[in-house]
């Protein structure tokens with residue numbers, strides 16, 4: 001019987017068709033060959049928080065899939081360390097440098113140097129004053145307009161509010177603040193006196209500083225109706241000050257960020273944020289993957305000569321509009337990819 005089963009099994013194995021060879025559709029092998037062995041460098045502001053971890057997750061998965069080498073340099077919030085790392089990368093001559101500039105002017109000359117050295121540059125999230133081959137990120141002016149319109153709807157005098165709001169900026173030389181405050185002031189002016197800014201201060205992206213500033217502002221303005229913050233990780237400090245003052249029901253905090261569930265949707269659910277404007281960092285990670293693949297397959301003849309912008313669509317989230325797909329989690333992103 002054992003001999004019979006062996007003979008039958010051998011027959012099945014002999015009869016089984018061989019795995020078909022992958023067909024060439026005219027691009028599949030060519031594109032894979034163009035990616036394999038190339039070098040990509042990633043220079044964030046810092047690692048260890050949701051935005052930069054989301055973007056690098058996409059790059060890591062693509063590097064593993066397509067066989068290009070990924071180098072990560074972490075300046076850990078230091079502008080000087082970041083500039084030194086950028087200069088060193090130019091000497092190392094990777095095929096692409098992906099950079100997240102901390103300030104508008106910080107890396108402007110270095111981007112130009114990289115382009116003159118024949119290196120393609122992709123800027124993520126925070127627009128530099130110098131155009132690179134690609135920019136992937138939100139239009140910070142439009143972001144702040146959306147936030148201000150939201151707080152006007154909740155706090156404008158015509159809506160029954162006090163008309164008084166406060167603004168918390170991050171780092172003043174950052175594009176979020178540079179473009180955002182212009183948008184806020186213009187939108188407030190267009191309201192025709194329906195809303196006014198009673199405080200406009202900067203907390204340098206630090207939640208503790210934001211907490212201290214907001215505590216003072218709330219004490220000085222007992223009829224404050226709204227707060228506009230410029231980044232969720234900082235704005236939780238404002239939320240804590242509002243909660244400690246017992247004003248969660250009267251002071252509406254409008255925040256923004258990359259849409260990580262712990263930073264965005266969780267704070268909508270618990271009442272910390274009244275409205276959240278998301279630029280969806282997980283979707284940006286996929287955009288980044290596609291842009292890097294494109295640049296590696298078709299390198300620019302003259303880096304920087306024909307810049308392209310992929311402005312991220314914005315999504316407004318509040319308790320009424322929030323659904324299961326409104327936010328993403330880093331664990332899921334790292335497990336399954338963008």
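Summary value for the chain: 18 percent relative contact order, contacts being C-alpha pairs under 8 angstrom separated by 6+ residues. Pop out the Kirkwood hydrodynamic radius of region 140-278 from its pairwise C-alpha distances, inverse of mean 1/r, in Å to one decimal. Its Kirkwood hydrodynamic radius stands at 14.3 Å. Taking the centroid of alpha carbons for each part, region 33-47 and region 208-272 are 36 Å apart. The long axis of helix 140-155 is offset from the longest Cα principal axis of the chain by roughly 50 degrees. Between 0 and 90 degrees, the angle of helix 79-92 with respect to the longest Cα principal axis of the chain falls at about 20 degrees.
Of all beta bridges DSSP finds with both residues in the chain, what is the antiparallel percent, to the nearest 5? Around 10 percent antiparallel, to the nearest 5.
Based on the mean of other beta carbon atoms within 10 Å per residue, what is the order of 264-270, 226-232, 164-170, most packed first?
Final packing ranking: 226-232, 164-170, 264-270.
Here the peptides 254-261, 117-124 are ranked by packing, the mean other Cβ count within 10 Å, and the order with the highest first is 254-261, 117-124.
From most to least packed by mean Cβ count within 10 Å, the peptides 54-67, 125-138 give 125-138, 54-67. Ratio of Rg to Rh for the chain: 1.12 [Cα atoms; Kirkwood radius as inverse mean 1/r over pairs]. Against the main long axis of the alpha-carbon atoms of the chain, helix 50-66 sits at an angle near 10°. Rounded to the nearest angstrom and listed largest first, the equivalent-ellipsoid semi-axes of region 270-312 from its Cα gyration tensor are 33, 12, 5.
Only the coordinates and a few stated rules stand behind these numbers; no lab work does. The shown structure was predicted, so the numbers you read here are calculated from the model rather than taken from an experiment. Don't worry about glycine lacking a Cβ; one is built from the backbone with ideal geometry, like all the others, and counts go over all protein chains shown.
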